[in-house]
Amino acid sequence: MGAVGINFGAATSGAGFDVTTTVASIVTNLQQVETPWNTQLTALKADDTALTSIGTDLSSLSTSLSALTDFEGVMTEKEGSSSDTDVLTLTSAGSTASAGTHTVVVSQLAQTASDYSDPIAANDKISGALTLRVGSGTATTIPVVSGSSDTLASYAAAINYADVGVTASVISDTTGSRLSLVSDTSGSAGALTVTQGGTTTTTTLPTTAASDVAPTAAVAASNTFTLPSSASKLSGTFSYAVGNGAAATVNLGSTPLSLTAAAAVLKANSGFSAAGLNATVSGNKLIITGTTDSTGSATINTTQSSLTTTTPAATYAGLTDVTTPASTLNINTGLTAQDALLTVDGISVNSSSNTVSTAIPGVTFQLLSKSTTPVQIEIVNDNTDVETAFSTFVSAYNKVLGDLTTQEGNDSSGDPEPLYGNPIIAQLQSALSMALTTGTASGSVSNLDQLGISVSNTGTLSLDNSTLDSILNSNYSDVVGFLQNSNSFGQSLAATLNGLGSSGPDGAITLALAADSTQETTLNDDVTAQNALIATQKANITAELNTANEVLQAIPQQLDEMNELYSAMTGYNENPS
């Protein structure tokens, strides 16, 4: 610690001295004790950066190895091909598939049942009903509702709304528009039975919530309840609220009312009318109408209603085009439901779909046409992805080795790298080198050279893809065992990496970082304690020097007072006129 001199100047000048500068000089001198601590902290932090970087690259090496040692990883990947892609194409070959060749003969493709109506004009009105059944399911009669589902488009919507396992649509061309019915179930299980006319049973169900239309300046607010039939009846309580207004209720009673009667009960209710609401009926719809509102706030809320819909049994005639001249609307068969029929390796297979995923374990293929000759499906190991995984492993290993080699030299400024001479570098190098030759053999595979991986004089790895590809083609299962069997090379190296990196609590990098952290904590505590001591000393020195400075600044005045006292006692005057 250096000495600090204080220049007080001339004692009788009254100028004193610069306390701030003097205290700063003293503090700087006191802080010199922290210099070696801070130097050591800087070095430790550089160590931490280097160790963390090595730990990150060790983690990447572990990840690249796990792609090869994972029981469901790249080594299980398969790819396939078809000898005749006009008959079938391979969709996927998963990890559960086994390499091999399979013979497939396709005698019949699967079909989804479909029916269609005679063509009519798109806007023609229709009446009657169809009864639909899918496979062995329940037959459901779906009637045309006048004013609601009395065109092909609206009747198709009613069929879809009934959710009976059939998708309905309208197909139009130059001959007119036809109702199309397609089973939702493929294959023979989805056989479609369409019968003209039918009888519905009495049903009692909770009323479906109304569809809502918000008001605008030109459109009035409305709520529309759509019932199964114009003959459907309502009972229960009708609840309504307009905008932010209070909710009110109209009791329709327990005896089902026709839609017309229910509308009349609502309109007769004074609160309903006072709220600006009206009730009308259109076919199978009860429509509640409100007012226009440019702000959109006068919406009608009927969600709290507790209504029950009772639809009485009824018998309906077949589907008819009632537009003049009236005519029967015949339903024609489009496609007949059938399963795909094929043999796989001589075994008969039925499939409800042309996408077949159960005939060959782990393999999915698409049937496109019947075959005239057997089709060969070949499932092979995905050598390309495996070779890419090995290449990634070699690169990751060399990256770690490069990190360690770098730490044995100097940086660009000629200064030693942070971990130069640190024993952890030799520990990591030795562990990695030894791990390359550990592990038990798997069949014919006992070392990395057989996989096309060679070790240079500097310890880096190189990969010969042709050698690797050859052994993958000839001894794939042995390569898998070399990586994944108990005590194999792959498992032994994985255990070594777990003991070196920073991912586990006992890894070499983890322990080295923990040791650095302990030292850093001690040094930081020392610096903190020293700074606290210096702060106290600074306050004390500042107070003492301020006092001394005040004394020096007061000396001239004290001398003047002594001269005046002397003059008064002796009559001596220092400054005679």
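Where a number appears in this text, it was derived from the coordinates with a stated rule and is not lab data. Because the structure is a prediction, the values reported are computed rather than measured. Counting neighbours? That spans all protein chains shown, and the Cβs are built from the backbone with ideal geometry, glycine included.
Over segment 203-312, the reciprocal of the mean inverse Cα-Cα separation, the Kirkwood hydrodynamic radius, stands at 13.8 Å.
What FRET efficiency comes out for the pair Leu559/Thr21, r = Cβ-Cβ distance, R0 = 30 Å, nearest 0.05?
Numbers: r = 27 Å, r/R0 = 0.89.
Result of the calculation: an efficiency of 0.65.
Relative to the compact-globule estimate of 2.2 N^0.38 Å, the Cα radius of gyration of the chain comes out at 1.89.
Extension gain, Ala139-Asn498: 0.36 nm per intervening residue step, less the Cα-Cα distance, totals 122.8 nm. Extension gain for Thr372-Ala248 works out to 37.3 nm (0.36 nm per residue, less the C-alpha to C-alpha distance).
Please work out how much length the chain gains when fully extended from Ala46 to Asp212, using 0.36 nm per residue of separation minus the C-alpha to C-alpha distance, in nm with one decimal. Numbers along the way, then the final one.
Values: separation 166, 0.36 × 166 = 59.76 nm, distance 6.79 nm.
Gain on stretching Ala46 to Asp212: 53.0 nm.
Modelled this way, with points 7 Å down the Cα-to-C-beta line, the labels at Thr536 and Ser456 are 6.0 nm from one another.
Listed by chain and number, the lysines whose C-alpha is less than 24 Å from the C-alpha of Lys267, apart from same-chain residues fewer than 8 away, are Lys233, Lys285. Look at the dipole of segment 432-542 built from charges on Cβ: of Leu451, Gln491, Ser477, the Cα furthest out on the positive end belongs to Gln491. Residues whose amide H comes within less than 5 Å of that of Thr309, counting only those at least five positions distant or on another chain, are Leu205, Thr207 (H built at 1.01 Å from N in the peptide plane). Just so you know, the Cα atoms of segment 370-496 work out to an Rg and Dmax of 19.6, 77 Å. Simple rule: put +1 on each Lys or Arg Cβ and -1 on each Asp or Glu Cβ in the chain, find the dipole, and look at Val344, Ser127, Leu545; the Cα lying farthest toward the positive end is Ser127. For segment 87-98, putting each phi into the Karplus relation 6.51 cos²θ - 1.76 cosθ + 1.60 with θ = phi - 60° gives couplings of 9, 8, 10, 7, 8, 7, 10, x, 5, 8, 6, 10 Hz, in residue order, rounded to whole numbers and with x for Gly and Pro. The label-point distance for Asn524 and Ser146, in a model that sets each label 7 Å from Cα toward Cβ, rounds to 8.8 nm. Mind listing the long-range amide H neighbours of Asp464? Cut-off is under 5 Å, sequence gap 5 or more, other chains count too, H placed in the peptide plane at 1.01 Å from N. Residues meeting the amide H criterion: Ile453, Ser454. Note on segment 326-378: Kirkwood hydrodynamic radius from all Cα pairs is 13.6 Å, rounded to one decimal. Label separation (Val33 vs Asp184): 8.4 nm, computed from points 7 Å beyond Cα along the C-beta direction.
All C-alpha pair distances within segment 421-532, sorted into 5 Å bins from zero, spread as 2, 11, 14, 16, 14, 11, 9, 6, 5, 4, 3, 3, 2, 1, 0 percent across the bins. Only aspartates and glutamates eight or more places from Lys125 in sequence, or on another chain, were considered; those with a Cα closer than 12 Å are Asp150, Asp321.
Think of it as helices only: each DSSP H run of n ≥ 4 in the chain is worth -39500 (n - 2.57), and spread over all residues that comes to -12500 deg cm²/dmol at 222 nm. Ranked by the mean number of other Cβ atoms within 10 Å of their residues, highest first, the peptides 217-224, 408-415 come out as 217-224, 408-415.
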